[in-house]
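Colleague: Shown below is the structure under consideration.
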Amino acid sequence: MKKDNKSVVYWLLTGCLLIFIMVVVGGITRLTHSGLSISNYKLISGTIPPLNETEWNEAFELYKQYPEYQKINNQFTLQDFKDIYFWEWLHRVIGRFIGLVFFIPFVYFLIKKQLTKPTIKKALILMFMGGFQGFLGWFMVKSGLVDRPDVSHYRLAMHLVTAFITCAYTFWVALDLIYPTRKAVNKSYRNLIRWTVLVLLIQITYGAFVAGLDAGFIHNYWPLMTDGKLIHETVYIEQTPWIKNFFEGKSGVQFLHRYIAYIVVVLIAIIWYRGKKEATTTLQKKSLDILMLLVIAQFILGVFTLILRVPISLGVVHQVMAFILLGAITFSLHRFTK
């Protein structure tokens with residue numbers, strides 16, 4: 001049987017789809033404040049939720065021992081607890097399922113000798129990235145079980161961005177198999193796309209900071225940060241020393257997330273404009289058109305998510321669109337890389 005065949009491509013694309021679903025459920029988990037509902041980590045038995053009233057009460061009593069219940073949710077009933085438990089449980093189960101979907105077919109393809117050596121190396125990198133992502137999930141949750149009733153926004157960003165990068169790399173490996181031959185490209189144009197990917201990842205990181213600090217619930221105006229002010233004074237004075245404002249201050253983090261968005265739009269507009277001359281195939285041209293449409297849609301979504309004070313539906317769609325945008329620019333970069 002031919003190596004790196006269609007089955008391998010479908011396997012990789014299925015992985016991308018599952019990571020996409022994982023990101024959607026993860027966004028809902030975060031926006032519904034469900035992430036700390038399961039206080040213990042059981043790799044195997046944790047896939048089975050409480051099945052009777054006794055088990056539910058035991059899980060609820062365990063939840064009561066931690067800061068989120070003691071400082072924020074002490075009015076919760078058992079039914080309230082069940083509601084938040086569901087999303088965190090589903091998020092973890094999907095994570096375990098993704099691990100199986102990556103590992104079992106990989107072993108099968110190895111036994112059947114359906115993978116080339118370069119693909120084996122790339123797949124091993126994917127295995128490592130997936131395992132590291134699982135560790136980061138545990139590492140993130142652990143930060144909210146000690147003193148503060150919320151996870152570290154740094155760890156949240158690490159968890160989210162690693163998921164995005166893992167999916168983008170999985171997609172890249174699949175594209176290597178779908179398009180094994182590539183033409184010579186303009187290196188400066190390729191590097192422009194690469195730098196834009198980096199800026200987009202920084203923007204996604206700041207999106208995670210905004211989510212982790214609940215910074216989307218302040219300064220709910222646009223294009224001004226508040227009524228009559230382009231830059232709110234708290235951007236500079238909320239934290240000391242002042243540099244911490246842009247990593248730990250709600251206003252400073254939101255400020256950067258706002259204005260990096262403009263940079264992303266401008267960079268992609270330049271990519272789109274220059275690409276009209278650089279593109280030599282219809283697929284390249286269409287990929288750039290889609291990329292431009294997606295960044296405009298994402299920018300508009302960001303504005304409405306802010307001014308409407310982060311409704312769950314828009315918050316999830318905004319995160320999902322960032323995921324799709326990264327996939328689109330990954331495709332464009334692949335098409336313009338030799």
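Colleague: Which is of a type in the set (S, T, N, Q) and farther than 30 Å from residue 28 by Cβ, of 234, 240, 205, 166?
Modeller: Values: 234 fails: farther than 30 Å from residue 28 by Cβ; 205 fails: farther than 30 Å from residue 28 by Cβ; 166 fails: farther than 30 Å from residue 28 by Cβ.
Answer to the selection: 240.
Colleague: Go through the residues of region 65-87 one by one and say whether even a single one is farther than 30 Å from residue 311 by Cβ and under 23 Å from the mean Cα position of the chain (by Cα). So that I can check it myself, show each step before the final result.
Modeller: Step one: list which residues in region 65-87 are farther than 30 Å from residue 311 by Cβ, which gives 65.
Filter once more, keeping what is under 23 Å from the mean Cα position of the chain (by Cα): none.
No, region 65-87 contains no residue that is farther than 30 Å from residue 311 by Cβ and under 23 Å from the mean Cα position of the chain (by Cα).
Colleague: Also, I was wondering about something else. From the set of residues in region 220-231 that are within 28 Å of the chain's Cα centre (by Cα) and either of a type outside the set (Ser, Thr, Tyr) or in a helix (DSSP H, G or I) (or both), which is surrounded by the fewest Cβ atoms within 10 Å (Cβ to Cβ)?
Modeller: The qualifying residue surrounded by the fewest Cβ atoms within 10 Å (Cβ to Cβ) is 223.
Colleague: Report every pair of residues separated by at least 6 positions or lying on different chains whose Cβ atoms are under 7 Å apart, first residue within region 227-245 and within 19 Å of residue 307 (Cα to Cα) and in the same structural domain as residue 259 (by TED's automatic domain parsing), second polar (S, T, N, Q) and in a helix (DSSP H, G or I).
Modeller: Between residues of region 227-245 that are within 19 Å of residue 307 (Cα to Cα) and in the same structural domain as residue 259 (by TED's automatic domain parsing) and residues that are polar (S, T, N, Q) and in a helix (DSSP H, G or I), the close pairs are 232/251; 234/251; 235/245; 235/251.
Colleague: Let me ask something additional. Which of the residues that make up region 21-64 are buried (at least 16 other Cβ atoms within 10 Å of the Cβ) and aromatic (Phe, Trp, Tyr)?
Modeller: Hits for region 21-64 are 56, 60, 63.
Colleague: State whether one or more residues within region 154-172 are exposed (fewer than 15 other Cβ atoms within 10 Å of the Cβ), over 30 Å from residue 71 (Cα atoms) and either out of contact with any Phe, Trp or Tyr (no Cβ under 6 Å at 6 or more places or on another chain) or modelled with pLDDT of 90 or more (or both).
Modeller: The answer is no, given that none of the residues of region 154-172 is exposed (fewer than 15 other Cβ atoms within 10 Å of the Cβ), over 30 Å from residue 71 (Cα atoms) and either out of contact with any Phe, Trp or Tyr (no Cβ under 6 Å at 6 or more places or on another chain) or modelled with pLDDT of 90 or more (or both).
Colleague: Before we move on, is residue 316 among the β-branched types (Val, Ile, Thr) and either buried (at least 19 other Cβ atoms within 10 Å of the Cβ) or not in a helix (DSSP H, G or I) (or both)?
Modeller: yes
Colleague: Kindly indicate whether residue 271 is assigned to a helix (DSSP H, G or I), touching a residue at least 12 places away in the same chain (Cβ under 8 Å) and of a type in the set (A, V, I, L, M).
Modeller: Numbers: assigned to a helix (DSSP H, G or I): yes; touching a residue at least 12 places away in the same chain (Cβ under 8 Å): yes; of a type in the set (A, V, I, L, M): yes.
Answer is yes for this residue.
The values are calculated or read from the model by the stated rules, or taken from the named source; none is laboratory data. From a predicted model like this one, the values you see are computed outputs, not experimental measurements. All Cβ positions, glycine included, derive from the backbone under ideal geometry; neighbour counts span all protein chains shown.
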